[in-house]
Amino acid sequence: QVHLVESGGGLVQPGGSLRLSCAASGSIVSINNMAWYRQAPGKQRELVAGITRGGNPNYADSVKGRFTISRDNAQNTVYLQMNSLKPEDTAVYYCQAEIKTGRWSVHIPYWGQGTQVTVSS
């Protein structure tokens, strides 16, 4: 059994900052790529940022220069630092991790439950 628990969402004014965290726990052998997705009302879920086990990040064009993804492999945790937030960043943010749970298994994606980020004055 694997659980991903997100925290750090909330209400923030335009131009403000938030830091999201996502901790994976359970029967984890290893974690490959980790990522943050978001889904706004009436829209499809989209990739915000991803990071490899070695720490190489990639970002959606809409958040480049404003968001920073990082991870702590020892703690099985991924972070998303969000600066200069805009109203269009309002969405439910989900973390995803590719997790191997057994010696002979493969890495499969697990999802967190989501955390709401609202950017509004």
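Criterion first (of a type in the set (Val, Ile, Thr) and more than 17 Å from Val63 (Cβ to Cβ)) does Val106 satisfy it?
Yes.
Within the range 100-117, how many residues are touching a Leu at 6+ places or on another chain (Cβ under 6 Å) and not in a strand (DSSP E or B)?
1
Inside the range 9-99, counting only strands (runs of 3 or more DSSP E) that do not spill past its ends, which hold 2 or more residues that are in contact (Cβ under 8 Å) with a residue 12 or more places away in the chain and buried (at least 18 other Cβ atoms within 10 Å of the Cβ)?
Answer list for the range 9-99: 18-26, 30-39, 46-51, 67-72, 77-82.
A short reminder: the numbers here are calculations on the coordinates, not readings from a lab. Quantities reported herein were computed from a predicted structural model and do not represent experimental measurements. Note that we place each Cβ from the backbone using ideal geometry, even for glycine, and neighbour counts take in every protein chain shown.
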